[in-house]
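Asks: Pasting a structure below so you can have a look.
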Amino acid sequence: MIVHEHFDVNGRDFVRTYSDSGRFVVREGVEYSEACDPAEFGRQYTEGDLMPEGDTDPSEILGILLGGDEI
Amino acid sequence: MAVDKLVDSTQLDADLTSVANAIRTKVGTSASLTFPAGFVNAVEAIPTGGGGDITYDEIMSGAYQSVYITIGNVAPVAHAFAYMRFKGIRWDWTSSATSGSRAGIFEGCPLLEYLVMPFFTGKFDSSTSWDLARNSTKLKTVDIAMIGISNRSFSGCTVLDTLILRNSSRVTLAHINALENTKFKSGGAGGTIYIHKALYDHLGDGGSMDYKAATNWSVYEGYGTITWAQIEGSIYETQYADGTPIT
């Protein structure tokens, strides 16, 4: 489902909108991983496609290859 | 020492300056060069090429660290140039599509100062194509035409302070993390974003073309770290960030 969280930027109220089911949020056909908007705009989003579970950080792979952590 | 030639010192200075300028252009520096040692050292530092293959080891050793590379109309692949050691990259990939599975193309390039992609007017799909140039810690200037900036594209580019957004439409920022830990961050030194006049004129009107009101961009506007500027009338009207003229 869509989640809204308020936060403040220099005294102005913003809303962070995201999906708690790992989906993009969509407004006017545009996908956002997470959408932050001035609260006064009252922007509404719908849930879109699933986002990937998580990327493998290449720097972690590089560390392993160069003799860092053991697998 | 034999003193047996008369020279026109003015002409000699001009000729030496001409040679020095040619060397500086070739190696990508603006530093002064002493004669003859500086000239010799700079020329000897030019990577050997002459049409032979460039090896991965050469690139990673820093042999091309003062070099701009220009890539033609070739589609990138994920991590194609990640961690490689170039000073600047210009990629002339021509596409208007939404492109997936191309994560980290220029991620972690430790020497990269300029990134120019003038003909890619599509966007990288945020579901599979994040981290475009993440953690390229010398990246200062990005000159792009894409319509969307995906997750963490420039996250960790700690000296990034100049964005040239050439798309005629307002560019989408998929997540505020795309510019995190750049000079645009909260409390950061700030930077300049160049946009076309047609968009610049909408700044502050709250409409669909207003960057200041746009999703995620509005947060950075709230930080007070963006100076908006017009491409028209700037040096970027006639040249790309790598100094090449716009034709």
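Every number here is computed from the coordinates shown, using simple stated rules; none is lab data. Computed from a predicted structure; not experimentally measured. Cβ: placed from backbone, ideal geometry, glycine included. Neighbour counts: every protein chain shown.
Asks: Classify segment B:63-115 from the C-alpha gyration tensor, please: rounded if a/c falls under 1.5, else prolate or oblate depending on whether a/b exceeds b/c.
Replies: Oblate.
Asks: Which value in nm describes the separation of the simple spin-label points at B:T227 and B:Q239, placed 7 Å from the Cα toward the beta carbon?
Replies: For the pair B:T227/B:Q239, the computed spacing is 1.9 nm.
Asks: I want to make sure I understand the PRE zone here: with the label point 7 angstrom from the Cα of A:N10 toward its beta carbon, which residues in segment B:222-244 have backbone N atoms less than 18 Å away?
Replies: B:222-229
Asks: Each residue of segment B:107-119 in turn: what ³J(HN,Hα) in whole Hz from Karplus with 6.51, -1.76, 1.60 and θ = phi - 60°, glycine and Pro shown as x?
Replies: So the J values, rounded to whole Hz, are 5, x, 7, x, 10, 5, 10, 10, 10, 10, 9, x, 10.
Asks: Packing-wise, with mean Cβ within 10 Å as the measure, how do B:190-202, A:6-18, B:98-110 rank, highest first?
Replies: B:98-110, B:190-202, A:6-18
Asks: So, one more: What pairs from B:K26/B:K138; B:K87/B:K183; B:K183/B:K212; B:K26/B:K212; B:K87/B:K212 go past 29 Å between their alpha carbons?
Replies: Among B:K26/B:K138; B:K87/B:K183; B:K183/B:K212; B:K26/B:K212; B:K87/B:K212, the Cα-Cα distance tops 29 Å for B:K26/B:K212; B:K87/B:K212.
Asks: Where does the protein assembly as shown land on the Kirkwood hydrodynamic radius, alpha-carbon pairs, in angstrom?
Replies: 21.6
Asks: Just want the answer: with Cβ charges of +1 for Lys and Arg and -1 for Asp and Glu, which residue in B:A103, B:G72, B:S234 is farthest toward the dipole's positive end in the protein assembly as shown?
Replies: B:S234
Asks: In the protein assembly as shown, with Lys and Arg counted as +1 and Asp and Glu as -1 at Cβ, which of these residues, B:A22, A:H4, B:A133, has the Cα nearest the positive end of the dipole, that is, farthest along it?
Replies: Working it through, the farthest residue towards the positive pole turns out to be B:A22.
Asks: Looking at the calculated P(r) for chain B, what percent of the C-alpha pair distances fall above 22 Å? Intermediate values should be presented prior to the final figure.
Replies: Values: 17711 of 30381 pairs.
Here the long-distance tail beyond 22 Å is 58 percent of all Cα pairs in chain B.
Asks: I would also like to ask the following. Looking at segment B:117-236, what % of the alpha carbon pairs are farther apart than 25 Å? List each step's numbers first, then the result.
Replies: On the way: 875 of 7140 pairs.
I get 12 percent for the Cα pairs in segment B:117-236 exceeding 25 Å.
Asks: Moving on to the next point. How many percent of the alpha carbon pairs in segment B:1-130 exceed a separation of 20 Å?
Replies: The calculated P(r) of segment B:1-130 puts 58 percent of pairs beyond 20 Å.
Asks: If amide H atoms are built 1.01 Å from N in the plane of the peptide, which residues on other chains or at least 5 residues away come under 5 Å of the amide H of B:S95?
Replies: B:F120, B:T121, B:G122
Asks: Also: Identify the residues of segment B:223-247 with backbone N under 13 Å of a label point that sits 7 angstrom from the Cα of B:F119 along the Cα-to-Cβ direction, or state none.
Replies: B:247
Asks: Then there is this: Which ³J(HN,Hα) values, rounded to whole Hz and listed in residue order, are derived for segment A:17-26 from phi using the Karplus coefficients 6.51, -1.76 and 1.60 in 6.51 cos²θ - 1.76 cosθ + 1.60 with θ = phi - 60°, glycine and proline given as x?
Replies: 10, 8, 9, 8, 10, x, 10, 5, 10, 10
Asks: Specify the inter-centroid distance of segment B:175-232 and segment B:50-110, based on alpha-carbon positions, in whole Å.
Replies: After rounding, the separation between the Cα centres reads 28 Å.
Asks: Grab the DSSP H runs of the protein assembly as shown that are 4 residues or longer, score each as -39,500 (n - 2.57), total them, divide by all residues and round the 222 nm result to the nearest 500 deg cm²/dmol.
Replies: -4500 deg cm²/dmol
Asks: Hey, for a label at B:T137 modelled as a point 7 Å past Cα toward Cβ, could you say which residues of segment B:102-118 have their backbone N under 14 Å away?
Replies: Correct set: B:108-112.
Asks: How well do other chains shield peptide A:18-30, expressed as the mean number of their Cβ atoms within 10 Å of each residue Cβ?
Replies: 1
Asks: Let me ask something else about it. Just tell me how shielded B:131-137 is by partners: mean number of partner chain Cβ atoms within 10 Å of each residue's Cβ, no decimals.
Replies: Across the residues of B:131-137, the mean count of other-chain Cβ atoms within 10 Å is 1.
Asks: With a point put 7 Å past each Cα toward its Cβ, work out how far B:K197 is from B:V74 in nm, to one decimal.
Replies: The answer from the label model is 3.9 nm.
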